[in-house]
Structure formats: structure tokens, C-alpha cells
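Written out below as C-alpha cells is the structure these notes cover.
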Amino acid sequence: DTCASSPCTNGGVCTVTWNDFECDCPIGFTGKICSDTDFCVSNPITVGCTSDDVCGPQPCVNGVTCTDIFNDYNCTCVPGYSDKNCNTNIDDCISYPCQNGATCIDLIAHYTCSCTSGWEGVNCEQEVN
């Protein structure tokens, strides 16, 4: 069994072939035993590298940063937004923060309360004297 000695490095998975072995290397590694760093993963903007530029079409919205993670992407959402592309405004009124019959108005990353007559304060918690 040519895989008995665990020849694959860096998390590569060994498969026995006819009189030999092959290593299935994880992303970022290449070579017979996965000991070489994949140049295109480390330097994706180098001429000749063929990794898809998934951030090119700007999938992230609302002014966030797109990070290319080798044929996938990650959006780092600004406060107040969520989901894969940072497209969903988080409802800051979901916890019903406004008191005494006030109306909650959801904004981006915060809320405001429209108090009923006789009440004031951030959450309309103070009775007007």
C-alpha cells in the first residue's frame, strides 16, 4: 500500500494508484505530495493565474468590502446589514424597544421612537411632567 506511509502533506488525501499514489491537495497547495504552495492562490492577481475574479461584478452592496476567497467571496457587512451580499437591513425594531405606545422607526444600524403625547426619552420611557 503506497499510502501506508502517509506521503501527502498539508492535509492532502492519498489515493493508491497502479504501483504509485496520488495526493488530492487542499486549496492553496500543489505538487506530488502537496508540499508546494499554489502560486495563484497566494498571488491571485498575477498574470497567468486563472482563478475567477468573483469580486469583479461587485456582489457586495451598501459600500462593503468584498474579499475573494478562491472562486468564492465574502462580504464584510457594515453595521445594520446582513446576508451573503449585505443586502438585508437588520430590523432594529424587532425587539420592540419603544415604550408606552410609541412607534418604532427602523433606520440603518439604529432606530428612533416616535413618542405618543405625554412621553419622551430615547425609548419614550419618561413621562412628561
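Note on the range 89-98: among residues that are touching a residue at least 12 places away in the same chain (Cβ under 8 Å) and assigned to a loop (DSSP other than H, G, I, E, B), the one that is farthest from Glu127 (Cα to Cα) is Ile90.
Pairs linking a residue in the range 18-36 that is closer than 17 Å to Ala4 by Cα and in contact (Cβ under 8 Å) with a residue 24 or more places away in the chain to a residue that is of a type in the set (A, V, I, L, M, F, W, C) and surrounded by 15 or more Cβ atoms within 10 Å (Cβ to Cβ), with Cβ atoms under 8 Å and 6 or more positions apart or on different chains, are Ile33/Cys8; Ile33/Cys23; Cys34/Cys8; Cys34/Cys23; Cys34/Cys25.
Scanning the range 57-83 for residues that are farther than 30 Å from Pro26 by Cα and not in a loop (DSSP other than H, G, I, E, B) returns a single hit, Tyr81.
Looking only at the range 99-110, decide whether some residue is under 21 Å from the mean Cα position of the chain (by Cα), outside the structural domain of Pro57 (by TED's automatic domain parsing) and part of a loop (DSSP other than H, G, I, E, B). Give the derivation first.
Quick first cut of the range 99-110, residues under 21 Å from the mean Cα position of the chain (by Cα) only: 108-109.
Narrowing further to those that are outside the structural domain of Pro57 (by TED's automatic domain parsing): 108-109.
Now narrow it down to the ones that are part of a loop (DSSP other than H, G, I, E, B): 108-109.
Scanning the range 99-110 turns up at least one residue that is under 21 Å from the mean Cα position of the chain (by Cα), outside the structural domain of Pro57 (by TED's automatic domain parsing) and part of a loop (DSSP other than H, G, I, E, B).
Sort out which residues of the range 110-129 are surrounded by 15 or more Cβ atoms within 10 Å (Cβ to Cβ) and in contact (Cβ under 8 Å) with a residue 24 or more places away in the chain, and write them in order of number. Hits for the range 110-129 are Asn123, Cys124, Glu125. The combined condition, being buried (at least 16 other Cβ atoms within 10 Å of the Cβ), in a loop (DSSP other than H, G, I, E, B) and of a type outside the set (Lys, Arg), is fulfilled by Cys86.
Taking the criterion of being at pLDDT 90 or above and surrounded by 15 or more Cβ atoms within 10 Å (Cβ to Cβ), the residues of the range 10-31 that qualify are Asn10, Gly12, Cys14, Phe21, Glu22, Cys23.
The values are calculated or read from the model by the stated rules, or taken from the named source; none is laboratory data. Predicted model, so just to flag it, every value in this text is computed and none were measured. Cβ coordinates were reconstructed from backbone atoms using ideal geometry, including for glycine residues, and neighbour counts include every protein chain displayed.
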